[in-house]
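The block underneath contains the structure these notes are about, expressed in structure tokens.
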Amino acid sequence: DDIDDENTAWDAAINGSFGKLGVIAGYKRIERNFTAAGAWDKIGRWTNPTAVQGPYVDFSYPIARKLRLALNGEFLKMTDDVRASGNEGWGAEDDQIIKAAAGLQWGISRNNSLDLGYEWVRFKPDTAGLDSATETYLTVGWAHQFSPNAGMKIGYQFINYDDGAPFSIDDDPQPGPGPYIGDYRGGIGVVQFGVSF
């Protein structure tokens with residue numbers, strides 16, 4: 001409960017290239033009371049995770065002149081029992097979080113590009129008797145540049161969440177916080193216009 005303790009974060013990484021392949025490998029530790037302006041990570045529906053630590057890796061490769069592939073993996077563990085961690089209220093010490101993401105960007109023309117992204121997240125509780133929860137996201141998007149300082153983006157994301165529980169949310173004795181919020185499927189569409197001066 002003392003925010004003067006466990007309020008730091010560090011992230012160490014090395015990066016290099018092997019021909020056209022770009023690689024970043026690192027290790028991070030974000031303590032439970034760390035907070036800062038901006039965003040340092042997003043894992044599924046969890047923005048700015050805290051009380052986590054573990055390695056991560058990023059790969060990028062230009063498949064063709066206008067086609068680029070990006071891959072990301074994170075292999076984290078909770079460092080503390082945190083029931084109000086980030087914006088999800090989820091986490092017990094030694095729970096595992098595995099994230100795998102892939103993105104493909106195709107520059108169709110000078111002013112148009114298509115994006116395809118996929119993210120898979122597994123929350124694996126260390127507590128006996130609790131099942132793993134899984135989140136998946138499939139994102140498609142189109143970006144158009146009207147001029148050097150004006151552009152538009154259109155995107156849609158398909159969302160699937162499986163809490164892994166053998167019971168429904170109505171049977172859950174403690175519904176609400178944590179991965180056990182019930183199964184759901186959905187989607188979200190976004191249109192964004194931008195102008196720079």
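Before moving on, here are some points about what is shown:
- Single condition F59 does not satisfy, out of (1) among the hydrophobic types (A, V, I, L, M, F, W, C); (2) within 20 Å of D95 (Cα to Cα); (3) touching a strand residue (DSSP E or B) at 6+ places or on another chain (Cβ under 7 Å): (2)
- Pairs meeting the criteria (first residue in segment 60-79 and closer than 19 Å to S113 by Cβ and in contact (Cβ under 8 Å) with a residue 24 or more places away in the chain, second residue surrounded by 15 or more Cβ atoms within 10 Å (Cβ to Cβ) and of a type in the set (D, E, K, R), beta carbons under 8 Å, at least 6 apart or on different chains) are S60/R68; Y61/R68; P62/R68; A70/D58; L71/D58.
- Counting only residues that are among the acidic types (D, E) and under 19 Å from the mean Cα position of the chain (by Cα), segment 5-27 holds 1 of them.
- Among residues of segment 146-174 that are farther than 19 Å from W120 by Cβ, those with a beta-carbon under 6 Å from a residue that is surrounded by 13 or more Cβ atoms within 10 Å (Cβ to Cβ) and modelled with pLDDT of 80 or more at least six positions away or on a different chain give the pairs G151/Q145; M152/H144; K153/A143; I154/W142.
This table checks each residue for (1) open to solvent by 40 Å² or more (accessible area, probe 1.4 Å); (2) over 17 Å from V191 (Cα atoms).
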{"residue": "G107", "(1), (2)": "no, yes"}
{"residue": "N112", "(1), (2)": "no, no"}
{"residue": "Y118", "(1), (2)": "yes, yes"}
{"residue": "S132", "(1), (2)": "no, yes"}
{"residue": "K153", "(1), (2)": "yes, no"}
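The values are calculated or read from the model by the stated rules, or taken from the named source; none is laboratory data. All values reported here derive from a predicted model rather than from experimental measurement. We place every Cβ from the backbone using ideal geometry, glycine too, and count neighbours over all the protein chains shown. These area figures cover heavy atoms from the full protein model, side chains too; ligands, DNA and RNA do not enter into them. Shrake-Rupley method; radii C 1.70, N 1.55, O 1.52, S 1.80 Å.
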